[in-house]
Amino acid sequence: MTLQNPAMNHDFEKVGALLRQARRVLFITGAGVSAESGIPTFRGATAAFADGLTEDGLAFEEVLSIETLQRNPALSWKYLFKLEQSIRGRAPNAAHRAMAVLQSPGRDIFVATQNIDELHQRAGSRNVFELHGNLRRIICLQCKYTKYWETYASLPLPPCCPLCQSGLRPEVVLYGESLPPAVLAAFSQEQDRGFDLVFSVGTTSLFLYVIEPVLAAARRGVPVVEVNPDITPVSGLADFRFAGPAGGTLAKLAAQLGI
Ligand code: NAD
Ligand code: ZN
């Protein structure tokens, strides 16, 4: 292994050393981080919606838009149910665990994720910014009703508010909506304090708010590490690129620190 891929192993050592010194580390994560937990990404090799269309012949972006949820809740809930089914019973994998075990009294780890599956928190990560919200937190469209649903398994679809009979929705960011302001504000505060090391893991990073922290790091001379089997829009900015799956790569990096 060492003889076959010396440059790669050298990079593990270098990034391991950076991690050992770092006091504030940011991981930006996307669907690829949960791929090894058996949750399909939307795009890419394991994609759930490779051709971009749902079985109803509409784009995924359309059935999961705020307009559709208001106009045709049954259609949106059909796909919210499918999303929930894809994360149901799934457990954190080696990538989630590695980010959690890297937390230490002298090293703060921040995770800004596009995922809505809570696997970072279940692995033990404490500072998680859920940029796209959380599928299990349910709120009423009209009143203050709010509830945490571990699963949608036995729900009548579309579900109604038990207090006022209005429609319900999960606290996820639907297409056509902005990101949760409180989450953005908290993330922005940490960005202002700066990071010593920034990782982009398992995301195609099409959104500006995912690319921006990487751009900021590159501008400030903060090392950027990408973990993704595919080339992405931030690949050119990365000082280190690991083209393997997130689980094995991050576990090997954590092992550099003896954890
Ligand atoms: P995306 O843009 O994050 O693309 C997935 C990325 O993961 C691709 O770049 C792919 O190369 C990479 N990847 C695949 N397997 C990997 C692995 N084992 N290790 C590392 N990287 C790997 O996301 P998307 O699938 O286009 O989804 C669009 C949106 O929906 C995003 O916000 C995404 O986070 C969200 N989504 C969330 C979940 C979840 O909560 N688990 C699942 C699917 C999609
Ligand atoms: Zn209500």
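Here are some notes:
- Listing Ile211, Ile116 from fewest to most neighbouring C-beta atoms within 10 Å gives Ile211, Ile116.
- Which of Phe110, Thr204, Val172, positive extreme of dipole for the chain (C-beta unit charges): Phe110
- Estimated [θ] at 222 nm from DSSP helical runs (n ≥ 4, -39500 (n - 2.57)) normalised by residues in the chain, nearest 500: -10500 deg cm²/dmol
- Here the simple spin-label model places points 7 Å from the Cα toward Cβ, and for Ile139 and Ala74 these points are separated by 2.7 nm.
- Cβ-based exposure ranking for Tyr152, Tyr145, in which fewest neighbours within 10 Å come first: Tyr145, Tyr152
- For Glu130, neighbours were defined as the other residues whose beta-carbon sits under 12 Å from its Cβ, and their charges (Lys and Arg +1, Asp and Glu -1) total -1.
- Between 0 and 90°, nearest 10: helix 246-256 axis offset from the chain longest Cα axis: 40
- Charged neighbours of Ser104, selected by a Cβ distance under 15 Å, balance to +4 (K, R count +1; D, E count -1).
- For Val172, the residues whose modelled amide H falls within less than 5 Å of its own, excluding neighbours fewer than 5 places apart on the same chain, are Asn134.
- Across the chain the C-alpha pair distances fall into 10 Å bins from zero in the proportions 7, 29, 34, 20, 9, 2, 0 percent.
- Cα centroid of region 161-181 to Cα centroid of region 70-94, whole Å: 14
- Pairwise Cα distances in region 77-197 exceed 16 Å for 67 percent of all pairs.
- Ranking of Val15, Val183, Val111 by count of other Cβ atoms within 10 Å, fewest first: Val183, Val15, Val111
- Contour minus Cα-Cα distance for Ser178 and Phe81 (0.36 nm per residue): 32.7 nm
- Percentage relative contact order, the chain, counting C-alpha pairs under 8 Å, at least six apart: 25
- With kT/(6 pi eta Rh) evaluated at 10 °C and eta = 1.306 mPa s, and Rh the Kirkwood radius from Cα pairs, region 128-259 diffuses with a coefficient of 90 µm²/s according to Stokes-Einstein.
- Rounded to 5, the percent of DSSP beta bridges in the chain classed as antiparallel: 30
- Charge sum, other residues only, whose C-beta stays under 10 Å from Tyr152's C-beta, Lys/Arg counted +1 and Asp/Glu -1: +1
- Projecting the Cα atoms of Cys161, Leu131, Phe187 onto the dipole axis of region 125-192, where Lys and Arg carry +1 and Asp and Glu carry -1 at the beta carbon, places Cys161 farthest toward the positive end.
- Overall, the anisotropy analysis places region 201-259 in the oblate class: the square-rooted eigenvalues a ≥ b ≥ c of its C-alpha gyration tensor yield a/c not less than 1.5, with a/b not exceeding b/c.
Every number in this text was worked out from the coordinates using simple rules, so none of it is lab data. From a predicted model like this one, the values you see are computed outputs, not experimental measurements. Virtual Cβ from ideal backbone geometry, glycine too; neighbours counted across all protein chains shown.
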